[in-house]
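Just so it is clear, none of the values below were taken in a lab; they were calculated from the coordinates. Note that the coordinates shown come from a computational prediction; the quantities given were computed from them, not determined experimentally. Methodologically, a virtual Cβ is constructed for each residue, glycine included, from the backbone with ideal geometry; neighbour enumeration extends over all protein chains shown.
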Amino acid sequence: MKISIIGSGYVGLVSGACFADLGNDVICLDTDEKKIALLRGGGMPIYEPGLQQLVSHNVSAGRLRFTTDIEESVAHGAVQFIAVGTPSDQDGSADMRYVIAAARSIGRSMSEYRVVVNKSTVPVGTAERVRASIADELRTRGLELPFSVVSNPEFLKEGAAIDDFLRPDRIVIGASSDKARAIMAELYAPFMRPDRIVVGSSDERATQIMRQLYAPILRNHDRILVMDPRSAELTKYAANAMLATRISFMNELANLAEKLGANIESVRHGIGSDQRIGYDFLYAGVGYGGSCFPKDIQALQHTAGEYGMQLTIVDSVEKANRTQKQRILEKVRGRFGEQLDGRHFAVWGLSFKPNTDDMREAPSRVVINGLLARGASISAYDPVAMEEAKRVFAKEPDVRFATSTVGALDGADALIIVTEWKEFRSPDFEDMKKRLKSPVVFDGRNLYDPAMMREAGIEYFSMGRPQ
Ligand SMILES: NC(=O)c1ccc[n+]([C@@H]2O[C@H](COP(=O)([O-])OP(=O)(O)OC[C@H]3O[C@@H](n4cnc5c(N)ncnc54)[C@H](O)[C@@H]3O)[C@@H](O)[C@H]2O)c1
């Protein structure tokens with residue numbers, strides 16, 4: 001199948017490369033000329049495990065190419081994925097300008113039937129806005145061409161994006177006609193666990209194309225959920241809000257556990273073993289960050305506000321997360337005092353989570369800025385986010401960048417661990433003690449055993465565990 005992907009960021013590039021790998025003929029479009037030039041030259045604008053190889057393999061096979069030419073891209077794909085950014089606007093709502101610009105650009109140059117698929121995370125009602133934008137452009141051109149709009153939110157995780165895309169827990173397809181819904185239900189019933197099917201669709205043609213597109217994945221993973229577009233759009237926000245809720249819930253209980261002398265790790269095992277709860281997303285830490293949870297939570301709050309509603313749980317989740325991002329700073333101040341002039345700290349982990357170089361809303365930014373504001377200086381290290389960090393802290397002379405974990409430690413008053421990269425898990429503690437000015441570690445990710453740290457003679461502060 002011929003596919004065009006509008007927006008070649010984390011989602012667009014991974015989707016494009018994976019669809020190409022399944023044998024489709026894919027064009028990835030972006031308005032960022034530098035990004036496209038880099039990709040054409042064999043470079044990679046983001047760090048994502050396995051992506052470089054997947055892209056170059058499919059480029060060599062002639063199934064994947066890159067362009068800035070919207071006309072070429074619209075002419076190419078029967079399916080046009082929109083995978084552009086939906087950042088937070090000033091009022092917290094999702095900024096829809098890129099999605100609408102993408103939709104309009106399709107309307108401006110399409111000349112035959114197209115399925116337009118929203119893969120970006122978009123507020124409920126966007127499928128209708130996209131439809132209206134395309135129809136408006138066609139009207140301006142004096143044309144009446146058929147097209148379908150489908151909502152197909154993406155659930156991949158940065159750091160494991162390829163695997164998530166190729167082996168998804170589910171594929172949500174939002175489209176809108178009863179007839180096609182019935183056909184889809186019938187079609188997929190033999191393949192799927194009945195409890196996993198929620199079916200609906202817009203029209204037969206779009207359904208057929210989407211079915212064909214996902215067929216290779218479906219064969220292994222029988223997890224396509226078809227529903228109406230509004231439900232599909234809300235599903236994505238609901239998923240992120242639920243995951244964020246688990247994180248904030250555990251962080252709040254971790255703070256309580258500290259007061260009570262309980263150990264949040266034991267509590268996590270105690271509740272995770274309950275099948276109704278499960279273990280995922282129950283780790284206490286420094287608060288969630290990244291390009292999705294913070295902005296999606298805010299967008300959901302904003303949507304509720306537009307309908308005169310307050311989402312009290314979601315509001316609390318967001319508030320708890322903001323507080324949690326300060327938690328490690330509180331511990332540092334508790335140990336070293338309110339003023340940190342002349343203090344120097346090693347910070348390990350800058351990306352918002354391991355296996356990505358993404359620093360959008362990363363807790364490390366809050367931690368480092370908080371330390372700088374009190375007069376401290378920093379030696380920072382991250383296995384892959386160093387280039388991004390240099391860009392983020394370009395105007396901060398007091399943030400220096402080490403070339404190794406141990407290099408960051410030299411002469412620091414303490415080590416602060418913000419992201420749980422694998423290579424931080426088993427350091428040489430004797431060497432660490434020698435390099436640090438004082439043997440103090442603030443661990444925002446509970447990487448080490450407190451008893452072992454005590455034996456090693458390291459003053460150890462972690463999250464939700466007895467000191
Ligand atoms: N990053 C994730 O882990 C993730 C996961 C699931 C869903 N999402 C959602 O997917 C969407 C994209 O996220 P991302 O992280 O890939 O964003 P990104 O910022 O990495 O990439 C977006 C790309 O779109 C390009 N772009 C903007 N307007 C364009 C236009 N009119 N035509 C062509 N290209 C255009 C930008 O130049 C950029 O390269 C967002 O809505 C996000 O919430 C992201």
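Taking every alpha-carbon pair under 8 Å whose residues sit at least 6 apart, the chain reaches a relative contact order of 11 percent. For the range 98-178, chymotrypsin sites (Phe, Trp or Tyr not before Pro) are listed when DSSP marks them as loop and at most 15 other Cβ atoms sit within 10 Å of their Cβ; the list is TYR113. Measuring how big the range 368-454 is from its alpha-carbon positions, Rg and Dmax come out at 13.0, 40 Å.
For the chain, the longest principal axis of the Cα atoms and the long axis of helix 126-140 meet at an angle of about 50 degrees. 3J(HN,Hα) couplings calculated from phi for the range 163-169 with the Karplus curve 6.51 cos²θ - 1.76 cosθ + 1.60 (θ = phi - 60°) are, in sequence order, 4, 4, 5, 7, 10, x, 5 Hz; Gly and Pro show x. For the chain, DSSP calls about 5 percent of its internal beta bridges antiparallel. Using only alpha-carbon positions in the chain, the gyration tensor eigenvalues give semi-axes of 43, 25, 20 Å once each is multiplied by 5 and square-rooted (largest first).
The angle between the Cα long axis of helix 10-21 and the longest principal axis of the Cα atoms of the chain comes to about 60 degrees, rounded to the nearest 10. Plainly put, the range 377-416 has a radius of gyration that is 0.94 times its Kirkwood radius, both from alpha-carbon atoms, as the Rg/Rh ratio. Measuring between alpha carbons in the structure, the pairs from LYS395/LYS434; LYS390/LYS422; LYS35/LYS319; LYS259/LYS331; LYS35/LYS390; LYS157/LYS325 lying more than 25 angstrom apart are LYS395/LYS434; LYS35/LYS319. Here the chain is scanned for trypsin sites (Lys or Arg not before Pro) in DSSP loops (not H, G, I, E, B) that have at most 11 other Cβ atoms within 10 Å, and the longest stretch holding none of them is 1-275. Volume per residue of the convex hull around the Cα atoms, evaluated for the range 6-104, comes out as 104 Å³. Computed from point charges on the beta carbon alone (+1 for Lys and Arg, -1 for Asp and Glu), the dipole magnitude for the chain about its Cα centre is near 160 Debye.
Diagonalising the gyration tensor over the Cα atoms of the range 306-406 and scaling each eigenvalue by 5 before taking the square root yields semi-axes of 27, 19, 11 Å, largest first. Across the range 63-157, the mean sequence separation of Cα contacts (distance under 8 Å, 6 or more residues apart), normalised by length, yields a relative contact order of 30 percent. Among the chymotrypsin sites (Phe, Trp or Tyr not before Pro) found in the range 243-328, those both in a DSSP coil and sparsely packed, with 16 or fewer other Cβ atoms within 10 Å of their Cβ, are TYR279, PHE281, TYR307. Note on the range 109-161 and the range 414-452: Cα centroid distance 48 Å, given to the nearest whole angstrom. The rule of thumb for compact globular proteins, 2.2 N^0.38 Å, goes into the C-alpha radius of gyration of the range 73-153 1.05 times. Per the Debye calculation on the range 221-283 with a single equal scatterer at every Cα and no solvent contribution, log₁₀ I(q)/I(0) for q = 0.17 Å⁻¹ amounts to -0.70.
Charges were assigned to the Cβ only: +1 to each Lys and Arg, -1 to each Asp and Glu. The resulting dipole of the range 1-74 about its Cα centre is roughly 180 debye. Note on the range 82-123: the C-alpha convex hull projects to 3.0 nm² when averaged across all orientations. Phi-derived couplings, Karplus 6.51 cos²θ - 1.76 cosθ + 1.60 at θ = phi - 60°, listed residue by residue for the range 234-247: 5, 4, 4, 5, 4, 4, 5, 5, 5, 5, 5, 4, 4, 5 Hz, with x used for Gly and Pro.
In percent, rounded to a whole number, the relative contact order of the range 240-390 is 23, using alpha-carbon pairs under 8 Å and six or more apart. Among the GluC sites (Glu not before Pro) within the range 262-349, those in coil by DSSP and having at most 15 neighbouring Cβ atoms inside 10 Å are GLU338.
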